[in-house]
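Before any comments, here is the structure.
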Amino acid sequence: MSTRYGQFCPVSKAAEVLGERWTILIIRELLLGTTRFTDFQRALSQISPTLLTKRLNQLQECGLVVRKTVPDQRRTEYQPMPAARELKPIIFGLGKWGMKWARNQMNDDELDVELLMYDLHRRIDATQLPGGRTVIKFLFRGLPKFGHWWIVLENGARELCVDNPGKQIDIHLTTDLRTMAHIWAGDMDIRAAKKTGQLQLTGNPVLIRTVSAWLRPGLFAHVRPDAETLGPEQSGRPFHLASSPTRTRKRSSPKSTFK
């Protein structure tokens, strides 16, 4: 680690391990079940492959992560060690703190459609879906890039696609990025978004009727911001986004399917 404080205090030693840029977010993903390099890139779209490799190697050196080869497959996975798993209440506590106290620090250019869709696809409650295959299509109005997404759930597996997987779609969700961000953050109820037309659903009537059960918001959506962190103009609308919030990607276009 390049960060050194020159103190024997355990807080400073922990900060030396965790204080590098992107490290805490990589650990967040590990604790949420991300194991593959390409999935880390999906959840952390602004990190370069070189820096991601460097940070994962540093976490291995510190004993927080182990790199394993998947048997009979040409790929590797990163698994959290006990030292990383012990960070779960700390990392999740930071998330709750951020939702309550740091909401006014969210800038217009920080809305990332890739992170949003990656988290939405892993947050879907498959137990609330009918048996067999379910294909969900998202269409984000006004996005010049990455406006179409497909989520395929079948036999316990789930795929997130930016290209049409060629399977029959069970439900279409048409909305804009701002509205879905509000829903993910717990700032807007799905029923309210449907009523105002900001979210339009077509397809299987059962999936439409139960959408609030299977399309779960973000992990910290239940945490409400403290009133003191919001200005008067933000009251009732804490996740304020500009009309064109898509960020510029540092990488080339994503692969068509992410498992």
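The values are calculated or read from the model by the stated rules, or taken from the named source; none is laboratory data. Values in this document were obtained by computation on a predicted structure and should not be read as measured data. Virtual Cβ from ideal backbone geometry, glycine too; neighbours counted across all protein chains shown. For the accessible areas, the whole protein counts, side chains as well, though only heavy atoms, and no ligand, DNA or RNA atoms are used. Shrake-Rupley method; radii C 1.70, N 1.55, O 1.52, S 1.80 Å.
Anything in the range 76-110 that is more than 19 Å from LEU32 (Cβ to Cβ) and either of a type in the set (A, V, I, L, M) or not in a helix (DSSP H, G or I) (or both)? List them, or say none.
ALA102, MET106, ASN107
Would you mention how many residues in the range 138-164 are farther than 16 Å from LEU199 by Cβ and not in a strand (DSSP E or B)?
Residues that pass the stated criteria total 8.
Within the range 165-193, restricting attention to residues that are in a strand (DSSP E or B) and not polar (S, T, N, Q), which residue is nearest to GLY131 (Cα to Cα)?
ILE171
Within the range 8-20, count every residue that is outside any helix (DSSP H, G or I) and either of a type in the set (Ser, Thr, Tyr) or without any contact (Cβ under 8 Å) to a residue 24 or more places away in the chain (or both). Please lay out each step first, then the result.
Step one: list which residues in the range 8-20 are outside any helix (DSSP H, G or I), which gives 8-9, 19-20.
Of the ones still in play, those that are also either of a type in the set (Ser, Thr, Tyr) or without any contact (Cβ under 8 Å) to a residue 24 or more places away in the chain (or both) are 8-9, 19.
So the count comes out to 3.
State which residue pairs qualify: first residue touching a residue at least 12 places away in the same chain (Cβ under 8 Å) and inside the range 203-214, second residue of a type in the set (S, T, N, Q) and surrounded by fewer than 17 Cβ atoms within 10 Å (Cβ to Cβ) in any location, beta carbons under 7 Å apart, and separation of 6 or more residues or different chains.
THR210/GLN128; ALA213/GLN128; TRP214/GLN128
Just one of the numbered conditions (1) under 18 Å from GLU110 (Cα atoms); (2) outside any helix (DSSP H, G or I); (3) open to solvent by 40 Å² or more (accessible area, probe 1.4 Å); (4) not acidic (Asp, Glu) is not true of ILE24; which one?
(2)
Just give me the residues in the range 154-174 being out of contact with any His (no Cβ under 6 Å at 6 or more places or on another chain), more than 14 Å from LEU215 (Cα to Cα) and among the hydrophobic types (A, V, I, L, M, F, W, C), in sequence order.
ALA157, CYS161, VAL162, ILE169 - these are the residues of the range 154-174 that are out of contact with any His (no Cβ under 6 Å at 6 or more places or on another chain), more than 14 Å from LEU215 (Cα to Cα) and among the hydrophobic types (A, V, I, L, M, F, W, C).
Would you point out which residue out of GLY132, GLY166, GLY95 is surrounded by fewer than 18 Cβ atoms within 10 Å (Cβ to Cβ) and in contact (Cβ under 8 Å) with a residue 40 or more places away in the chain? Walk me through how you get there before you give the answer.
Details: GLY132 fails: in contact (Cβ under 8 Å) with a residue 40 or more places away in the chain; GLY166 fails: in contact (Cβ under 8 Å) with a residue 40 or more places away in the chain.
On inspection, the qualifying residue turns out to be GLY95.
Among the listed residues ALA193, ALA102, ALA157, identify the single one that is buried (at least 16 other Cβ atoms within 10 Å of the Cβ) and small (Gly, Ala, Ser). So that I can check it myself, show each step before the final result.
Numbers: ALA102 fails: buried (at least 16 other Cβ atoms within 10 Å of the Cβ); ALA157 fails: buried (at least 16 other Cβ atoms within 10 Å of the Cβ).
Among ALA193, ALA102, ALA157, only ALA193 is buried (at least 16 other Cβ atoms within 10 Å of the Cβ) and small (Gly, Ala, Ser).
Would it be correct to say that ARG224 is at pLDDT below 95 and assigned to a helix (DSSP H, G or I)?
On the way: at pLDDT below 95: yes; assigned to a helix (DSSP H, G or I): no.
In short, no.
Is it the case that the range 198-215 has a residue that's modelled with pLDDT of 80 or more, under 20 Å from ALA43 (Cβ atoms) and not in a helix (DSSP H, G or I)?
Quick first cut of the range 198-215, residues modelled with pLDDT of 80 or more only: 198-215.
Now narrow it down to the ones that are under 20 Å from ALA43 (Cβ atoms): 215.
Retained after the next criterion (residues that are not in a helix (DSSP H, G or I)): 215.
Yes, the conditions are met somewhere in the range 198-215.
How many residues does the range 43-81 contain that are open to solvent by 30 Å² or more (accessible area, probe 1.4 Å) and within 12 Å of ILE27 (Cα to Cα)?
Within the range 43-81, residues that are open to solvent by 30 Å² or more (accessible area, probe 1.4 Å) and within 12 Å of ILE27 (Cα to Cα) number 3.
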